[in-house]
Each structure stands twice: as C-alpha cells, then as structure tokens.
Amino acid sequence: MSRSDDEMPGVTLLGNQGVQYPDRYAPEVLETFVNKHPDNEYLVTFTCPEFTSLCPKTGQPDFARIIISYIPREKMVESKSLKLYLFSFRNHGDFHEDCVNIIMKDLVKLMDPKYIEVTGLFTPRGGIAIYPFANYGDAEHQNMVKARMLASFRNDF
C-alpha cells in the first residue's frame, strides 16, 4: 500500500537534501501526513536520544532522551520534520519541564491525537536528574491520561 505524492501534500522535508537545520525554536518545521488506519487504535513511539536545550539562567547545555508516544487520529507527524523540530531546541533556553510541555502542546496542536505523552530523561546537572512527564488525551482517553500519570510516579530510574 504505497503512498502517492497526492497523499503527502504537506511533506516537503523528507528526501530534500537542501534542508537547513533551524538555529532557534521552530515549531513551523513540523509536518504531517494522513493516517491511513484511523479505524485502528495503535501506538507510535519516537525516541530522541540526543536532545539538547539550554538552561534559561546559565545558558549551559542540557542533554536528554526524549520519548514521544501517541495514538494517532487523522494526522501523523512526519519523522524528519520532528527531528528538525527537536533539534530547534538546541539554542532554546527553557527549563526541562517547559521543554517537555512545549513539545507535547505543539504536537497536540499539530495532530490532534487521541492520546499523547512526552517524557524527558535529562542527564544530571549539579547531581540531580530531572524526568518530566506530560500527557494529554481526548474525552475517550481520560482514564489512560490518569493511569499513565500515576504510572509515571515511579522510583526505578
């Protein structure tokens, strides 16, 4: 079941060799494509092991593994655009918790997923590691929102 170019009108970055990496926070680089299986409820997970942002106070770099999981509705995020978007945080100064919430909100606005969660596993700075978790679900997934939030209160890191 191949996709035709007509089915991907908003996908411009994939296969484009002249793509420029953004040097500032750039949610506008995010692109979507149509979910061919909206009748199936399934999970898509992305892992970005080399996420970087800047401390808003000191300008020092922060490093994290960002994990994004979502249940799509009609639109899905295109992975190269997601890579460029996450890269755009490289010079963005914000706290870890803010970065995770911004990513989640931008993806909710972009795709309107049934459910989404974003976890940041930030490496320790000053002897403390921070692992923010944010999630969102539509009316039919509120039980999942609550269950996944409770499950995130763990001590096995």
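The values are calculated or read from the model by the stated rules, or taken from the named source; none is laboratory data. Quantities reported herein were computed from a predicted structural model and do not represent experimental measurements. Because the Cβ atoms are built from the backbone with ideal geometry, glycine has one as well, and the counts that use them run over all protein chains shown.
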### Message
For the stretch 18-65: of the residues being of a type in the set (Val, Ile, Thr) and part of a loop (DSSP other than H, G, I, E, B), which is farthest from Ile130 (Cα to Cα)?
### Response
Val19
### Query
Scanning for something among the small types (Gly, Ala, Ser), part of a helix (DSSP H, G or I) and under 19 Å from Tyr21 (Cβ atoms), does the stretch 87-96 turn up at least one residue?
yes
### Message
Looking only at residues that are more than 23 Å from His92 (Cα to Cα) and hydrophobic (A, V, I, L, M, F, W, C) in the stretch 10-37, which one is modelled with the lowest pLDDT?
### Response
Leu14
### Query
So which residues in the stretch 66-81 are in a loop (DSSP other than H, G, I, E, B) and farther than 14 Å from Lys114 by Cα, if there are any at all?
Glu78
### Task
Look through the stretch 109-137, keep the residues that are surrounded by 17 or more Cβ atoms within 10 Å (Cβ to Cβ) and of a type in the set (A, V, I, L, M, F, W, C), and return whichever of them is farthest from the chain's Cα centre (by Cα).
Phe122
## Note on the structure
Log entry, pairs with first residue in the stretch 94-122 being farther than 9 Å from Asn135 by Cα, second being assigned to a helix (DSSP H, G or I) and among the β-branched types (Val, Ile, Thr), beta carbons closer than 6 Å, six or more apart or on different chains, reads Gly120/Val100
### Checking Ser81 against (1) small (Gly, Ala, Ser); (2) without any contact (Cβ under 8 Å) to a residue 40 or more places away in the chain; (3) under 18 Å from Asp23 (Cβ atoms), the condition it does not meet
(2)
### Message
Please go through the stretch 52-66 and give me each residue that is touching a Phe, Trp or Tyr at 6+ places or on another chain (Cβ under 9 Å) and of a type in the set (Ser, Thr, Tyr), ordered by number.
### Response
Thr52, Ser53
### Task
Please specify each residue of the stretch 55-70 satisfying the condition of being at pLDDT 95 or above and surrounded by fewer than 20 Cβ atoms within 10 Å (Cβ to Cβ).
Phe63, Arg65, Ile67, Ser69
